[in-house]
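Undergrad: One structure follows; several queries about it will come next.
The values are calculated or read from the model by the stated rules, or taken from the named source; none is laboratory data. Being a predicted model, the structure only gives us computed values, none of them experimental. In this analysis, Cβ positions are derived from the backbone assuming ideal geometry, glycine residues included, and neighbour counts consider all displayed protein chains. Each accessible area value is taken on the protein alone, full model and side chains, heavy atoms only, with ligands, DNA and RNA left out. Shrake-Rupley method; radii C 1.70, N 1.55, O 1.52, S 1.80 Å.
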Amino acid sequence: MSIRDALRLPAGPVDLKSIETDAAPGYDGKKADGEAALAAMGPELADLQERLFAEGRTGGTRNILLVLQGMDTSGKGGTLRHTVGLVDPQGVRITSFKAPTEEERSHDFLWRIERALPGPGILGVFDRSHYEDVLIGRVRSLAPPEEIERRYGAINDFERRLADSGTTVVKCMLHISAEEQKQRLLARLDDPSKYWKFNPGDIDERALWGEYRAAYDLALEKTNTEIAPWYVIPADKKWYRNLAVGTLLLDTLRDLDPQWPPADFDVDVERARLLDETPVE
């Protein structure tokens, strides 16, 4: 079974407790093998992404939206560095969603998401996303229960519209264990160069681990569609997490199969003009 097939969440009820966080589904290599495999896919990944970017600059409408969700320390930033970092940054747009501003709260929850969507040819990345509004929104009771329920359907409608307009949505839930999160938080406290990454509020959120997991179970179940399926990626092994997301991006680009745009001018005429040109000193 391929990595993509192994990670794709099946339809039906979701129980994250039953999904391992330190496994490597679809891959039987070791850490060094996985790191080498990710590096080896870099040239093809960059080539295909540049083709998609060129397509978008010449009238194409297709793009990719990579959605990264996960508990704190699950590795959203690390994933970006090691996977999206393999492609040309001019064709990438990364948006990190924090707590909504007063202006954003005055609109529907999808308003700020719509404003951050990638343009034609762009690989867009959401570090957290509209799913926060049915995750922390549910756990912290930031909206009435009936509004939270409405949002699941609104998300499915929204992602269907994206697909209809040429966006391929790749949704990755980085699945980390509570013990691994604890170790990563301790590592930040043990290293002065990582103090800036530490947020005391993360410890408060750990007290709600069970509630967050239940909110994820429900969100994944209700928004796991054929158009925009979820991939649950074991994230305790950082190298596998990176390899998995890189593989999903590469598979998506291969499916899109972008081609270099043809010239909209006469190549031979332009070559002849250039060869006959005498620069003015």
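Undergrad: Just to be sure before I move on: is Glu146 modelled with pLDDT of 95 or more and open to solvent by 20 Å² or more (accessible area, probe 1.4 Å) in the structure I sent?
TA: Answer is yes for this residue.
Undergrad: Considering every residue within segment 109-118, establish whether at least one is farther than 22 Å from Tyr212 by Cβ, in contact with a Lys or Arg (Cβ under 7 Å, 6 or more places away or on another chain) and without any contact (Cβ under 8 Å) to a residue 60 or more places away in the chain.
TA: Yes - at least one qualifying residue is present in segment 109-118.
Undergrad: Can you work out which of the residues in segment 236-277 that are of a type in the set (Gly, Ala, Ser) and in a helix (DSSP H, G or I) is modelled with the lowest pLDDT?
TA: So, considering only residues that are of a type in the set (Gly, Ala, Ser) and in a helix (DSSP H, G or I), the one modelled with the lowest pLDDT is Ala272.
Undergrad: Could you tell me how many of the residues in segment 4-37 are part of a helix (DSSP H, G or I), closer than 16 Å to Ile176 by Cα and open to solvent by less than 50 Å² (accessible area, probe 1.4 Å)?
TA: Total meeting the criteria: 2.
Undergrad: Another question, then. Taking the residues in segment 216-230 that are outside any loop (DSSP other than H, G, I, E, B) and open to solvent by 20 Å² or more (accessible area, probe 1.4 Å) as candidates, determine which candidate is nearest to Glu159 (Cα to Cα).
TA: Looking at the filtered set, the residue picked out is Lys222.
Undergrad: Could you tell me whether Arg271 is charged (D, E, K, R) and farther than 17 Å from Thr21 by Cα?
TA: Answer is yes for this residue.
Undergrad: Report yes if some residue within segment 77-86 is touching a residue at least 24 places away in the same chain (Cβ under 8 Å), within 21 Å of Tyr216 (Cα to Cα) and among the hydrophobic types (A, V, I, L, M, F, W, C); otherwise report no.
TA: Checking segment 77-86: not a single residue is touching a residue at least 24 places away in the same chain (Cβ under 8 Å), within 21 Å of Tyr216 (Cα to Cα) and among the hydrophobic types (A, V, I, L, M, F, W, C).
Undergrad: For residues that are acidic (Asp, Glu) and either out of contact with any helix residue (DSSP H, G or I) (no Cβ under 8 Å at 6 or more places or on another chain) or within 20 Å of Phe198 (Cα to Cα) (or both), tally how many sit in segment 63-107.
TA: Matching residues across segment 63-107 total 3.
Undergrad: Quick check on Arg241: is it under 24 Å from Gly78 (Cα atoms), buried (at least 19 other Cβ atoms within 10 Å of the Cβ) and touching a residue at least 60 places away in the same chain (Cβ under 8 Å)?
TA: yes
Undergrad: Right, next: Mind checking whether some residue in segment 155-166 is of a type in the set (Ser, Thr, Tyr) and surrounded by 15 or more Cβ atoms within 10 Å (Cβ to Cβ)?
TA: No, segment 155-166 contains no residue that is of a type in the set (Ser, Thr, Tyr) and surrounded by 15 or more Cβ atoms within 10 Å (Cβ to Cβ).
Undergrad: Pull out all pairs, ordered by first then second residue, where Cβ-Cβ is under 9 Å, the residues are six or more apart or on different chains, the first lies in segment 37-50 and is closer than 20 Å to Tyr240 by Cβ and modelled with pLDDT of 95 or more, and the second is acidic (Asp, Glu) and open to solvent by 20 Å² or more (accessible area, probe 1.4 Å).
TA: none
Undergrad: In this structure, is Glu205 over 24 Å from the mean Cα position of the chain (by Cα) and either among the hydroxyl-bearing types (Ser, Thr, Tyr) or modelled with pLDDT under 95 (or both)?
TA: It is false that Glu205 is over 24 Å from the mean Cα position of the chain (by Cα) and either among the hydroxyl-bearing types (Ser, Thr, Tyr) or modelled with pLDDT under 95 (or both).
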